[in-house]
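For reference, the structure is listed below as structure tokens.
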Amino acid sequence: MSFIKYGDTVKEGDTAIIFLGHESMFPVKVQDGGKTQTKYGVIRHSTDLIGKSYGSKVTCSKGGWVYVLHPTPELWTLNLPHRTQILYSTDISLITMMLELKPGSIVCESGTGSGSLSHAIIRTIAPTGHLYTVEFHQQRAEKAIEEFREHEVDHLVTVKNQDVCKNGFGVTNVADAVFLDIPSPWEAIGHAKLALKYEGGRICSFSPCIEQVQRTCLALQEHGFTEINTSEILLRVYNVRTVSLQIPDLGRAAEDDSTAAFDRGTQTDQDVPCVANLQQGTVQFKSGVPPREMVGHTGYLTFATKSLF
Ligand SMILES: C[S@@+](CC[C@H](N)C(=O)[O-])C[C@H]1O[C@@H](n2cnc3c(N)ncnc32)[C@H](O)[C@@H]1O
């Protein structure tokens, strides 16, 4: 699901994602008469985008093609203009689940930053929920308001330009969940408790350093939160590739045995194609290999519950 009010076809004013490949995509603001340059040539918005179905292939002026995609929160996270560090979909998925967010949830967040998490929360709580997001940096707050308006989700979010540690979220006893991504979350725990519903709710705080986590956990305990729990989530992807291995020369008898083994392999497991070439002495098969380097630590996610008991 994309930004909430977007339809199946591209219209003037939409923010669409132009997808050239997994490593190459960018957002465009669709305008009648507008033009966008790509390495495959020009895309003319009036003829190539407006009225086309989201998900369709668009042929550029040099004959190459791109996909025009809905700006889902996941794609927006990968393409948004960075004003701050942002949260990515791996952490966002755990936050969404552990805060038990669903359509209709009322959520408080600080800081808004670049709005990466905000867009994901808004998509989850629509159409009847609301996000109150607090950002003390004036330009960032204004830019977030502008983006929410452009993406037609402004009816689902209120942006407040204030210091959450001093002035809180500006709402009392309404929130089902609170999320903090600020340098000193322990200073905002009292305000978070006040914002959460009287009967309770969930809180999450994101911090890159363990010293921040320790202070936040102590503050949560002091304010009577229970089920205090800190997690770190790491994403390990596997690249599928074809591997070619030499068959060891163990003599004729062993060769016969290995041929039989490969035959059995190809007959019984269609999902793992295994091709033996005894003339060249090689065997080829598909293998899932993790990259040597991966994205490591982003931050610790501390969760807790406000309960009446
Ligand atoms: C790391 S960014 C948040 C990124 C955001 N979670 C995202 O996914 O785009 C932290 C933001 O918190 C804001 N901030 C820091 N302390 C704050 C405070 N006490 N009150 C309100 N905002 C604060 C900063 O200005 C910054 O924009």
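Here are the numbers for the structure shown:
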| item | result |
| --- | --- |
| The chain: antiparallel DSSP beta bridges as a percent of all, rounded to 5 | 70 percent |
| log10 of Debye I(q)/I(0), alpha-carbon scatterers only, for the chain at 0.08, 0.09, 0.11, 0.15 Å⁻¹ | -0.52, -0.62, -0.79, -1.11 |
| Leu20, Leu49, ranked by accessible area, largest first (probe 1.4 Å) | Leu20, Leu49 |
| Magnitude of the charge dipole, the chain, Cβ model with Lys/Arg +1 and Asp/Glu -1, debye to 20 | 700 debye |
| Accessible area expressed per residue, the chain, with surrounding protein chains retained (probe 1.4 Å, Å²) | 54 Å² |
| Arg241 accessible area, assembled protein chains, probe 1.4 Å, Å² | 130 Å² |
| Computed Rg/Rh of the stretch 20-68, alpha carbon atoms with Kirkwood Rh | 0.91 |
| Long pairs among Lys143/Lys166; Lys5/Lys102; Lys29/Lys52; Lys52/Lys143; Lys102/Lys197, criterion Cα-Cα beyond 20 Å | Lys143/Lys166; Lys52/Lys143 |
| Positive-pole candidate from Ser307, Pro71, Ser110, dipole of the chain, charges at beta carbon | Pro71 |
| Lys/Arg +1, Asp/Glu -1 at C-beta; the chain dipole; positive extreme among Trp186, His45, Ala219 | His45 |
| Aspartates and glutamates with Cα under 18 Å of Lys306, excluding same-chain neighbours fewer than 8 positions away | Glu100, Glu109, Asp176, Glu187, Glu199, Glu222, Glu227 |
| Exposure rank, largest accessible area first [His155, His70; 1.4 Å] | His155, His70 |
| Share of carbon and sulfur in the accessible heavy-atom surface of the chain [1.4 Å probe, %] | 53 percent |
| Check: the stretch 15-71 dipole with +1 on Lys, Arg Cβ and -1 on Asp, Glu Cβ, in debye | 120 debye |
| GluC sites (Glu not before Pro) restricted to the stretch 43-145 and DSSP loop, no more than 16 other C-beta within 10 Å | Glu100 |
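The values are calculated or read from the model by the stated rules, or taken from the named source; none is laboratory data. Bear in mind the structure is a predicted one, so any value in this text is a computation, not a measurement. No Cβ is skipped: glycine too gets one built from the backbone with ideal geometry, and neighbour counts run over all protein chains shown. Protein only, heavy atoms only, side chains kept; ligands, DNA and RNA dropped before computing areas. Shrake-Rupley method; radii C 1.70, N 1.55, O 1.52, S 1.80 Å.
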